[in-house]
1. Please compute the Cα-Cα pair-distance distribution of the chain with 10 Å bins starting at 0, giving whole percents from short to long.
2. Please state the shape class of region 104-160: rounded when a/c is under 1.5, otherwise prolate if a/b exceeds b/c and oblate if not, all from the C-alpha gyration tensor.
3. Of all DSSP beta bridges in the chain, what percent run antiparallel (nearest 5)?
4. Test of understanding: ordering 137, 167 by Cβ neighbours within 10 Å, fewest first, what list do you get?
5. Among 164, 128, what is the fewest-to-most ranking by other Cβ atoms within 10 Å?
6. On a 0 to 90 degree scale, rounded to 10, what angle separates helix 165-181 from the longest Cα axis of the chain?
7. Compute the angle between helix 186-201 and the longest alpha-carbon principal axis of the chain, please, reported from 0 to 90 degrees and rounded to the nearest 10.
8. Do the sum for the chain: with -39,500 (n - 2.57) for every DSSP H run of n ≥ 4, divided by all residues, what is the mean residue ellipticity at 222 nm, to the nearest 500 deg cm²/dmol?
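Bear in mind that the values in this text are calculations on the coordinates, not laboratory data. Nothing here was measured: the structure is a model prediction, and the numbers come from that model. Every residue, glycine as well, gets a Cβ built from its backbone with ideal geometry; the counts of neighbours run over all protein chains shown.
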């Protein structure tokens, strides 16, 4: 079962240990106006363990959002995926630090980490540092990070179809965040996705 956490002000610290054959799924949502410090330490402690962590954050003012994830692969045949997507506007500051550590005995590991960001203003800042620390040789691991702006060509296309510039920007932002929102369990997905989309419209 996927755990959905709506992050509030302050610090969120989680130490997660996933045993053999188990799976841990988590979705983190950070709404506008929330400054927080998220620290996750995940250990895949048994063969066949799996962990998937997804996060979305939207900052439109002077928020400070810090996210740090350490993913430890200690044993063989374990999988992990991290996907964090964020939108930073106003004078907000986002710091993302992620590390995948693959032990020498953790052969046949698959581990992926992505952090993608959109800047809405010149005063917003994003610092992203994904890292790999690999001591095994039979692994599939990758990490990636991007920081960019809304696509003006897409906006032009939508405006040529009668969509206003503001609505075009909102649609772009919702589409950007959607891969994270799609990980919310079906029973709660519609209501939480609508709340998150409303927060995007209001920044």
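1. Once binned at 10 Å, the Cα pair distances of the chain give 9, 34, 33, 18, 6, 1.
2. On the way: a/c = 7.11, a/b = 2.43, b/c = 2.93.
Note, shape of region 104-160 comes out oblate.
3. Restricted to the chain, the bridges split so that about 0 percent are antiparallel.
4. Details: 137 8, 167 14.
So the ranking, lowest neighbour count to highest, is 137, 167.
5. Details: 164 10, 128 20.
Going from sparsest to densest Cβ surroundings: 164, 128.
6. Between helix and principal axis, roughly 10 degrees.
7. 50 degrees
8. Working: 3 runs with 42 residues, N = 203.
Mean residue ellipticity at 222 nm (helix-derived): -6500 deg cm²/dmol.
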